[in-house]
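Throughout, read-outs are computed from the coordinates displayed, never taken from laboratory work. As the structure is a prediction and not an experimental result, all values here were calculated from the model. Note that each Cβ is placed from the backbone with ideal geometry, even for glycine, and that neighbours are counted across all protein chains shown.
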Amino acid sequence: MNYKELFRRLFTLIASPKKAWTEISCESPRRDVMGGFVYPLIAFCGIAVLLNMFIHKGFSRDVYQPALMDMCSYCVALLGGFFLSAWVIDILRQKFLGHQSDMAGSQCFTGYAIGVVFLAEILAILFPQFFIFKWILQFYVLYIVWEGSEVLFAISEDKRLTFTALASVAVIFSPAIIRSLFNMLSNTLG
């Protein structure tokens, strides 16, 4: 696993999305976005949750179970949000753009777009006082999806805005929906 490349790609997506999407489109075959980008960012989020709990509540015996439950909640939400977003984007591409089903392409697009959401989660967990930056970064996903849709999918201008809005909603809100469902189930069952 090349963490230097992961952080370089994440920084490029934030600093220059068009350049990042152009690099992604030129990769042949497309990199394993899940193993090389999505899973490590989810792991960093889990580590951030544990660090936050131990820093603010100490290392007492009573902290371990809530810390692990919270970590599981975040990891399941982010992973489930990734797959839900990829599925929604694949359906949008089929129904709205007339493309053939290409889950690998949709996962590639979703994986890099949702990386900014993962970064926002990590920062909000580690620095809760800067919660506003989480929302700023999440809405920056609109611009990242806008640029990526042009480069990867060659969407016409008349459909690009609608696709960007719908895909961004899926990318931004899917993890929150999955987390709410997971928390509801874990509270009901245990």
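A compact table of results
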| item | result |
| --- | --- |
| Set of the range 144-171 residues, backbone N closer than 17 Å to the point 7 Å along the Cα-Cβ line of GLN100 | 153-154 |
| Within the range 163-190, backbone nitrogen closer than 12 Å to the virtual label 7 Å beyond the Cα of GLN65 toward Cβ | 190 |
| The chain: angle of helix 3-15 to the longest principal axis, Cα-based, in degrees nearest 10 | 60 degrees |
| Protection proxy ranking, peptides 6-19, 53-66, 104-117, average beta carbon neighbours within 10 Å, highest first | 104-117, 6-19, 53-66 |
| More than 21 Å apart - percent of Cα-Cα pairs taken over the range 75-151 | 31 percent |
| Net length gained if the chain between ALA176 and ALA15 were fully extended (0.36 nm per residue, minus Cα distance) | 55.5 nm |
| Value in Å of the Kirkwood radius, where the range 27-104 supplies the Cα pairs that are averaged | 14.7 Å |
| Cβ-based exposure ranking for GLU147, GLU157, GLU27, GLU121, in which fewest neighbours within 10 Å come first | GLU157, GLU27, GLU147, GLU121 |
| Helix 103-126 axis, angle to the chain major axis (alpha carbon atoms, nearest 10°) | 40 degrees |
| Counting all C-alpha pairs of the range 112-182, share separated by more than 13 Å (%) | 65 percent |
